[in-house]
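Comments concern the structure below.
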Amino acid sequence: MKISIIGGGYVGTVTGVCLAELGNDVTIVEIDRKKIDSINSKIPPLFEPGLKELLEKNGHRVDATDDINTAIETTDVTFICVGTPSREDGSIDLAYIEKAAASIGKALEKKAQYHLVVVKSTVIPGTCDSVIAPLIAEYSKKQAGVDFSVCSNPEFLREGRAVYDFFHPDRIILGSEDPQCIQVLQGLYTQFSCPVFKCSLKTAEMIKYVSNSFLAVKISFANEIGNLSKALGIDSYKVFEGAGMDSRIGPLFFNAGLGFGGSCFPKDVAALQRLGESKGLKMMLLDAALKINRGQHKTVITLLERYIPIKGKKIGILGLAFKPDTDDIREAKSIDLVSSLLSHGAKIVAYDPMAMDQFRKIFPEINCASSSRDLVRDSDAVVIVTEWKEFEDLDYSGKIVVDGRRILKARDTASVYEGVCW
Ligand code: UDX
């Protein structure tokens with residue numbers, strides 16, 4: 001099919017290039033000239049393992065433009081992949097969504113053929129029905145369900161594994177009341193063997209929030225139990241390995257440690273909380289999950305103070321990105337931790353294989369080491385904040401190590417090794 005993608009970020013670029021790999025012609029619509037030029041030079045505008053190779057292989061089927069009118073005119077299906085960040089109070093900010101819907105509407109006014117709009121962005125239940133479809137209808141002066149349709153096809157891509165996750169979904173969610181939509185969408189995913197779950201539009205929107213919120217709650221549960229396990233001298237990983245053998249529980253996403261960061265979990269949980277409150281419901285469990293997560297970095301302070309007075313000491317921060325294999329530091333635990341250590345009078349030296357440039361935008365005064373080895377050498381104590389593979393083989397001899405992400409090999413050489421939840 002001929003597909004247009006609105007938004008060339010993590011989701012849009014990965015989705016576009018992978019759909020090209022499946023044989024579709026893809027046009028990515030972006031406002032950022034640098035991203036447009038990068039994609040058209042067959043260089044991905046962001047790092048994701050496997051993306052570069054796929055873009056080089058399918059470059060003849062992928063182009064980027066800022067001209068949404070031509071993109072809509074020349075394609076049959078449009079995926080909305082723009083961001084839905086948090087507002088001050090945590091509620092969802094639909095500004096980019098509204099702008100995309102209006103632009104699509106204006107472009108559709110001139111188009112005769114039926115057009116399918118697929119919402120991949122994470123939007124709170126009801127957004128497609130009450131915001132996106134009406135805006136497209138208003139600007140196109142056309143009728144939803146007749147001249148165009150809006151459906152929901154949420155993504156479950158993890159940063160650092162997005163290409164893999166695109167081709168290996170546990171299920172495909174298709175949300176629409178319009179059989180024509182479902183039929184077109186199924187045509188896109190014929191090569192997938194996983195279950196295709198069809199449901200109403202707002203059910204599909206809700207499934208995405210429930211998935212992310214449950215994973216966030218599961219991590220905060222792991223951390224609450226992890227903190228108690230630590231106090232009892234129990235290794236929480238062993239606890240969850242055993243508990244996870246119950247098929248109703250499962251072993252995954254019980255990695256207790258510094259908690260979750262990233263551009264999705266914090267924002268999606270907060271958006272669902274605000275939505276619940278707007279309906280007069282107190283979302284107590286989601287509230288607790290965020291509170292536990294916000295306080296988890298304090299376990300590092302407590303453990304460090306067991307061995308050294310933090311004030312004036314040089315603390316090495318190993319890992320800045322919110323997870324390995326990405327340069328993304330959005331909501332990364334390194335941010336809360338460095339802020340807290342600075343307020344305790346520590347001197348900071350930081351290192352990350354990919355995220356130091358991003359980190360410097362927030363902490364321009366922080367000294368960054370040129371290698372993880374130099375950081376360990378120059379620090380009085382080392383905190384492992386992101387589990388980059390290269391941190392496993394470092395020599396921590398003579399150092400105090402507080403490990404927030406279970407790099408157990410550090411225990412072999414560190415003079416003092418403390419895991420936050422083990
Ligand atoms: C997440 C969801 O996994 C994905 O399905 C959704 O589409 C987008 O949000 P992402 O945020 O990219 O993906 O990364 P993920 O691997 O889920 O990790 C998120 C955060 O949780 C990271 O900071 C990670 O360190 C933390 N985490 C993850 C834990 O602390 N414990 C775990 O067991 C798993």
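Restrict the check to the range 314-334 and report whether at least one residue is outside any loop (DSSP other than H, G, I, E, B) and within 23 Å of G90 (Cα to Cα). Among the residues of the range 314-334, at least one is outside any loop (DSSP other than H, G, I, E, B) and within 23 Å of G90 (Cα to Cα), which makes the answer yes. All of (1) over 19 Å from G257 (Cα atoms); (2) open to solvent by 10 Å² or more (accessible area, probe 1.4 Å); (3) over 16 Å from the mean Cα position of the chain (by Cα) hold for T302 with one exception: (1). One residue stands out among those in the range 186-227 that are touching a Lys or Arg at 6+ places or on another chain (Cβ under 7 Å) and part of a loop (DSSP other than H, G, I, E, B): the one that is farthest from the ligand (Cβ to nearest atom), which is P195. Of the set (1) within 22 Å of D378 (Cβ to Cβ); (2) of a type in the set (A, V, I, L, M); (3) within 13 Å of the ligand (Cβ to nearest atom), all apply to L252 but (1).
Scanning the range 47-76 for residues that are assigned to a loop (DSSP other than H, G, I, E, B) and free of Cβ contacts under 8 Å to residues at least 60 places away in the same chain yields N58, D66, D67.
Listed here are the residues, each with its yes/no results for (1) touching a Leu at 6+ places or on another chain (Cβ under 7 Å); (2) within 16 Å of the ligand (Cβ to nearest atom); (3) closer than 27 Å to L375 by Cβ; (4) of a type in the set (A, V, I, L, M).
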site: E241; (1), (2), (3), (4): no, yes, no, no
site: D287; (1), (2), (3), (4): no, no, no, no
site: I310; (1), (2), (3), (4): yes, no, yes, yes
site: K313; (1), (2), (3), (4): no, no, yes, no
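Residue-wise test of (1) buried (at least 16 other Cβ atoms within 10 Å of the Cβ); (2) modelled with pLDDT of 95 or more.
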residue: T27; (1), (2): yes, yes
residue: I36; (1), (2): yes, yes
residue: S41; (1), (2): no, yes
residue: E48; (1), (2): yes, no
residue: L54; (1), (2): yes, yes
residue: K57; (1), (2): no, yes
residue: V62; (1), (2): yes, yes
residue: T70; (1), (2): no, yes
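Within the range 218-228, the residues that satisfy the criterion of being surrounded by fewer than 21 Cβ atoms within 10 Å (Cβ to Cβ) and not charged (D, E, K, R) are F221, I225, N227, L228. Inspect the range 135-143 for any residue being within 28 Å of R405 (Cα to Cα) and free of Cβ contacts under 8 Å to residues at least 40 places away in the same chain and give the result as yes or no. No, the range 135-143 contains no residue that is within 28 Å of R405 (Cα to Cα) and free of Cβ contacts under 8 Å to residues at least 40 places away in the same chain.
Cβ contacts < 8 Å: first residue within 12 Å of P169 (Cβ to Cβ), restricted to the range 185-199; second residue at pLDDT below 95 and assigned to a helix (DSSP H, G or I), any location; separation 6+ or different chain. Result? Every condition considered, the pairs that remain are V196/Q186.
Checking the structure you have, find out if any residue of the range 410-420 is surrounded by 18 or more Cβ atoms within 10 Å (Cβ to Cβ), in a loop (DSSP other than H, G, I, E, B) and within 16 Å of the ligand (Cβ to nearest atom). Checking the range 410-420: at least one residue is surrounded by 18 or more Cβ atoms within 10 Å (Cβ to Cβ), in a loop (DSSP other than H, G, I, E, B) and within 16 Å of the ligand (Cβ to nearest atom). Of all residues in the range 162-182, those being modelled with pLDDT under 95, open to solvent by 10 Å² or more (accessible area, probe 1.4 Å) and of a type outside the set (D, E) number 3.
Note on the range 158-177: among residues that are assigned to a helix (DSSP H, G or I) and within 12 Å of the ligand (Cβ to nearest atom), the one that is farthest from T190 (Cα to Cα) is A162. Among the residues of the range 108-144, those identified as open to solvent by 50 Å² or more (accessible area, probe 1.4 Å), part of a loop (DSSP other than H, G, I, E, B) and either not assigned by TED's automatic domain parsing to the domain that holds E73 or not basic (K, R) (or both) are A112, Q113, Y114, Q143. Looking at S334, S339, just one residue is of a type in the set (S, T, Y) and either in the same structural domain as S86 (by TED's automatic domain parsing) or crowded, with 23+ Cβ neighbours inside 10 Å (or both), and that residue is S334. Looking across the range 238-276, the residues that are closer than 22 Å to D403 by Cα, open to solvent by 50 Å² or more (accessible area, probe 1.4 Å) and assigned to a helix (DSSP H, G or I) come down to K238, V239, E241.
The values are calculated or read from the model by the stated rules, or taken from the named source; none is laboratory data. Model, not experiment: these values are computed from the prediction. No Cβ is skipped: glycine too gets one built from the backbone with ideal geometry, and neighbour counts run over all protein chains shown. Only protein heavy atoms, including side chains, enter the accessible area calculation; ligands, DNA and RNA are left aside. Shrake-Rupley method; radii C 1.70, N 1.55, O 1.52, S 1.80 Å.
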